[in-house]
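What follows is a short report on a single structure.
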Amino acid sequence: MLIRSSVLLLMTVVFMTSLADEAELRIDTKSFVVTLDGLPTPSCHAATVVETAPGRLMAAWFGGSQEGAPDVRIWGAHYEQGRWSNAVPLTESLMDGDEAHWNPVLFKTDNELVLHFKAGKSPRLWRGLYRTSIDKGLNWSGVQSHPAGFLGPVRNKPVSLPNGRLIYPSSTEHQGWRVHFERPLPQGSRRIEVGDPQMLGAIQPTILTHSDGRLQALCRTHSGVIAETWSLDNGDNWSELEPTELPNPNSGIDAITLGNGLHLLVYNPVIAGRTPLAIALSKDGVDWQLETVLEEGDGEFSYPAVIEDSGGKIHIVYTWQRKAIRHVQIDYKK
């Protein structure tokens, strides 16, 4: 059954395999990155995940007394042989010690692991920062700033194109919600704005890659739907934002193009609330099939991050009730 309206998404779905010729999803494991009785902070949110080496992952999130509080810092943990390490802080107080830290994004390049994050009293005031590691996240460089006017990837992972071009999906909130993309260049970063004539109010894009070279970004909005924008020239220009038929309750999403060419989206398939949390698949990025529900019931299950590792496993991390970060490992038949 294809997703054509938010009404269809209110049905209870546990597992569907109508795209089984391309991918059959199977949950291998579901666990907490840190146990509920071992949480280092009362509240946590906005996880990110990266494969640091075959069979090894690293996750990061922000945690403190509550979102936006001056004690919020970035925390991280490593995964190996089916177990998560103890959580450790990855950032410390900066010059303005009363600023919260926000929205970490882990991304591995050929030579190093990069931790992007934001610092500020609110998303309208924050600035983009990053640290690097040459030993898979065990030790980190000092904190560096993105150039003035640039934030880096604001919530979802960058995309590296076959031609080596790197694109940061980004957005701002200080003059309304606006999506843009950033291209780090040796001679200075370039920022590409995205028009929003319908005033959908979009932020936090996530990028899909298509076999014909097109790029597609799906975006969170405050208009009850996921918005999309397309690029036909490797990210140099992007189309104006358009609404999709996918619902969005003003909550973060993430998506990935799998190795077999299918597109996978993790999102809250409702227009209000942050439950359930589900996975959808698409052959073309336009028609989406709800495949499996990761979490349902009262509370908040939100802000997913998804990757496919070098062995073909899918890993998803997400906020569990603002009290923990959950990790789901999924196998799929290609």
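The values are calculated or read from the model by the stated rules, or taken from the named source; none is laboratory data. Keep in mind that this is a model prediction, so the values were computed, not measured. Neighbour counts are summed over all protein chains in view; Cβ atoms, including those assigned to glycine, are modelled from backbone coordinates with ideal geometry.
Quick notes on this structure:
- Lone qualifier among LEU264, LEU277, LEU281 - being of a type in the set (A, V, I, L, M), at pLDDT 95 or above and more than 16 Å from the chain's Cα centre (by Cα): LEU281
- Residue within region 228-246 that is in a strand (DSSP E or B), under 16 Å from the mean Cα position of the chain (by Cα) and surrounded by 18 or more Cβ atoms within 10 Å (Cβ to Cβ) present: yes
- Scanning region 113-161 for residues that are among the charged types (D, E, K, R), in contact (Cβ under 8 Å) with a residue 24 or more places away in the chain and either in a loop (DSSP other than H, G, I, E, B) or within 20 Å of GLN187 (Cα to Cα) (or both) yields a count of 5.
- Any hit, region 89-107, residues being among the β-branched types (Val, Ile, Thr) and farther than 23 Å from THR35 by Cα: no
- Top-ranked residue in region 90-102 [being at pLDDT 95 or above and farther than 13 Å from LYS121 by Cα; ranked as surrounded by the fewest Cβ atoms within 10 Å (Cβ to Cβ)]: THR91
- In the condition set (1) touching a residue at least 40 places away in the same chain (Cβ under 8 Å); (2) under 27 Å from ALA227 (Cα atoms); (3) within 19 Å of the chain's Cα centre (by Cα), GLY195 is compliant with all but (3).
- The residue that is surrounded by the fewest Cβ atoms within 10 Å (Cβ to Cβ), counting only those in region 302-319 that are over 14 Å from ARG56 (Cα atoms) and polar (S, T, N, Q), is SER302.
- Sole residue being in contact with a His (Cβ under 7 Å, 6 or more places away or on another chain), of a type in the set (A, V, I, L, M) and at pLDDT 95 or above, chosen from ILE192, ILE226: ILE192
- Counting the residues of region 259-271 that are more than 19 Å from THR229 (Cβ to Cβ) and either in contact with a Phe, Trp or Tyr (Cβ under 7 Å, 6 or more places away or on another chain) or surrounded by fewer than 17 Cβ atoms within 10 Å (Cβ to Cβ) (or both) gives 4.
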